[in-house]
Amino acid sequence: MRYLLSLLLLCTCLVTASQLQAAEPNFVIIFCDDLGYGDLACFGHPTIRTPNLDRMAAQGQKWTNFYVGASVCTPSRAALLTGRLPVRSGMMSAKRRVLFPNSKGGLPASELTIAEMLKTKDYATAAIGKWHLGHLPQYLPTKHGFDSYWGIPYSNDMDAVKGFPGYKQTAQKDPNYAATIEQYQVPIIQNETVVEKPANQRTITQRYTDKTMEFITQNQDKPFFVYLAHSLPHIPLFAGKRHLGKSRRGIFGDVIEEIDSGVGQILKTLEDLKLAENTLVVFTSDNGPWLLFDTHGGSAGLLREGKGSTFEGGMREPTIFWWPGKIAPKIEMEIGATMDLLPTFCSLAGVPIPKDRVIDGHDLSPLLLGKTDKSPRKQVYYWRSEKLYAIRIGPWKAHFITEGCYGIGPKREVHEIPELYNLDHDPSEKYNVAKLHPDVVARLTKIAQAHIQSIEPVENQLAK
Ligand code: MG
């Protein structure tokens with residue numbers, strides 16, 4: 001009898017252990033649009049309040065050298081979801097830098113997204129918010145591994161109606177200017193059907209948050225992945241009633257504070273459902289601030305330039321990882337990138353990383369979990385249009401071509417001798433030290449040339 005009882009106890013323990021091991025972590029990505037490196041209180045903004053993101057950063061990891069795959073929306077999103085440089089998937093073009101409502105292309109079916117990878121382990125998957133990887137039915141999230149989709153298919157300033165005052169001119173005069181909803185006939189799509197047009201952008205941020213919490217609650221008993229891509233603070237700026245007029249920073253601050261409030265609501269949902277210790281939450285943005293819009297655009301803080309540029313302000317983003325009890329709080333200065341999320345999530349979920357294609361991402365999980373203090377990512381390739389403009393290896397960054405922001409900034413310049421900056425000493429890229437370090441310039445140039453050679457030509461999706 002005693003023997004039987006012991007056996008039963010042992011079996012119970014084994015089942016519990018295997019169940020625990022089998023509990024794949026949940027993943028939540030909260031992705032902003034055009035948020036600058038300097039736009040959060042925890043990244044140094046003096047008049048924007050972000051108490052929830054500040055808490056997330058204090059309890060989690062604040063990454064100060066975290067990059068996107070491109071400095072504008074469409075290619076940056078393609079990079080995040082596929083773990084590949086957008087030039088490899090045809091999602092980057094010199095002719096049109098992003099997709100538009102009359103574009104014919106989109107993320108090819110042959111690409112594998114994070115959602116598709118996690119589907120192999122039966123994750124529940126949802127895309128909520130801005131997509132911008134093709135609005136035609138064959139390119140929507142439901143065709144790329146997401147069980148459901150609710151959001152706008154491209155940028156919130158597209159489908160603009162003529163006859164309204166110009167946004168830039170009005171915004172320059174009024175830091176609190178709020179456009180009318182009818183001015184932008186951008187639709188909301190649920191799965192594959194338009195359910196609202198024009199999208200009520202005044203309530204959209206809270207509705208994205210609500211949909212995310214609803215999805216988490218509904219799927220609390222199985223592993224899930226939510227890709228929440230806020231359509232703001234890309235212009236036109238809209239804030240909900242609870243936040244409008246509240247920030248000292250003006251409407252731009254209202255928008256960030258509403259997003260921050262949503263982050264707090266999502267973290268609380270995870271905590272209330274006792275899911276926080278099995279959920280990795282990542283907060284970042286697709287590209288730097290759109291400086292063309294004055295106070296309606298964000299700030300890259302101490303970084304140079306913004307959206308559209310391959311200077312740091314265009315591609316380095318304020319990034320926070322949160323996983324209570326699993327990742328120790330710290331400020332992480334090692335290099336990471338949105339392209340690393342696919343291999344990192346795959347590794348944590350026990351999904352093999354695709355072997356039939358080049359994956360530009362690296363598995364950051366050993367660094368996140370404290371098993372090492374070095375990032376597997378040593379390099380950043382800064383592509384703009386279809387050209388490699390710059391490269392970073394360790395602290396060194398060489399610019400072969402420089403060009404300012406999207407819409408403003410210095411004109412395109414090809415450098416016979418690349419400009420060289422040490423980003424550890426000089427994050428603002430102020431002091432060109434190429435003459436002092438010709439050996440570093442030569443080494444980086446050689447690595448860049450080999451990288452360019454590795455890119456196979458593919459059909460361009462943005463030029464269609
Ligand atoms: Mg953007």
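The values are calculated or read from the model by the stated rules, or taken from the named source; none is laboratory data. Note that the coordinates shown come from a computational prediction; the quantities given were computed from them, not determined experimentally. Here Cβ is always computed from backbone atoms with ideal geometry, including for glycine, and neighbour counts include all displayed protein chains. Please note that ligands, DNA and RNA were not included when accessible areas were found on the heavy atoms of the full protein model with its side chains. Shrake-Rupley method; radii C 1.70, N 1.55, O 1.52, S 1.80 Å.
What the table below lists for this structure:
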| read-out | value |
| --- | --- |
| Test for Phe293: is it within 16 Å of the ligand (Cβ to nearest atom), surrounded by 18 or more Cβ atoms within 10 Å (Cβ to Cβ) and not hydroxyl-bearing (Ser, Thr, Tyr) | yes |
| Within region 276-289, considering residues that are under 16 Å from Phe345 (Cβ atoms) and out of contact with any helix residue (DSSP H, G or I) (no Cβ under 6 Å at 6 or more places or on another chain), the one nearest to the ligand (Cβ to nearest atom) | Thr284 |
| Contacts under 8 angstrom Cβ, first residue in region 149-167 being closer than 18 Å to Thr193 by Cα and within 16 Å of the ligand (Cβ to nearest atom), partner hydrophobic (A, V, I, L, M, F, W, C) and assigned to a strand (DSSP E or B), 6 or more apart | Gly151/Ala127; Gly151/Ile128; Gly151/Ile188; Gly151/Ile189; Gly151/Ala229; Ile152/Ile188; Ile152/Ile189; Pro153/Ile189 |
| Test: Arg316 is at negative phi, at pLDDT 95 or above and over 19 Å from the mean Cα position of the chain (by Cα) | no |
| Candidate set from region 227-249 (those that are in contact (Cβ under 8 Å) with a residue 40 or more places away in the chain and open to solvent by 30 Å² or more (accessible area, probe 1.4 Å)); member that is farthest from Thr47 (Cα to Cα) | Leu244 |
| Number of the condition not met by Lys326 [criteria: (1) basic (Lys, Arg); (2) over 19 Å from Ala41 (Cα atoms); (3) under 15 Å from the mean Cα position of the chain (by Cα)] | (3) |
| Qualifying residues in region 65-91 (those that are hydroxyl-bearing (Ser, Thr, Tyr) and under 10 Å from the mean Cα position of the chain (by Cα)) - the one farthest from the ligand (Cβ to nearest atom) | Tyr67 |
| Cβ pairs under 8 Å, 6+ apart, first in region 279-291 and touching a residue at least 24 places away in the same chain (Cβ under 8 Å) and over 21 Å from Phe224 (Cα atoms), second of a type in the set (S, T, N, Q) and more than 9 Å from the ligand (Cβ to nearest atom) | Gly288/Ser309; Pro289/Ser299 |
| Breaking point among (1) open to solvent by less than 30 Å² (accessible area, probe 1.4 Å); (2) over 16 Å from Leu388 (Cα atoms); (3) not in a loop (DSSP other than H, G, I, E, B), for Leu462 | (3) |
| Residue match in region 239-249 (condition: within 30 Å of Thr113 (Cα to Cα) and over 19 Å from the mean Cα position of the chain (by Cα)) | no |
| Region 413-438, residues that are within 18 Å of Tyr389 (Cβ to Cβ) and aromatic (Phe, Trp, Tyr) | Tyr421 |
| Subset of region 221-239 [in contact with a Ser or Thr (Cβ under 7 Å, 6 or more places away or on another chain) and within 16 Å of the ligand (Cβ to nearest atom)] | Leu228, His230, Leu232, His234 |
| Qualifying residue in region 433-453 (condition: more than 16 Å from Leu85 (Cβ to Cβ), in a loop (DSSP other than H, G, I, E, B) and more than 24 Å from the chain's Cα centre (by Cα)) | yes |
| Helices (runs of 4 or more DSSP H) (entirely within region 36-146) containing at least 1 residues that are touching a strand residue (DSSP E or B) at 6+ places or on another chain (Cβ under 7 Å) and open to solvent by 30 Å² or more (accessible area, probe 1.4 Å) | 51-59, 114-119 |
| Residue check for Lys222: assigned to a loop (DSSP other than H, G, I, E, B) and closer than 15 Å to Val28 by Cα | yes |
| Unique match (being more than 26 Å from Gly60 (Cβ to Cβ), assigned by TED's automatic domain parsing to the domain that holds Tyr149 and either within 14 Å of the ligand (Cβ to nearest atom) or modelled with pLDDT of 95 or more (or both)) among Arg304, Arg242 | Arg304 |
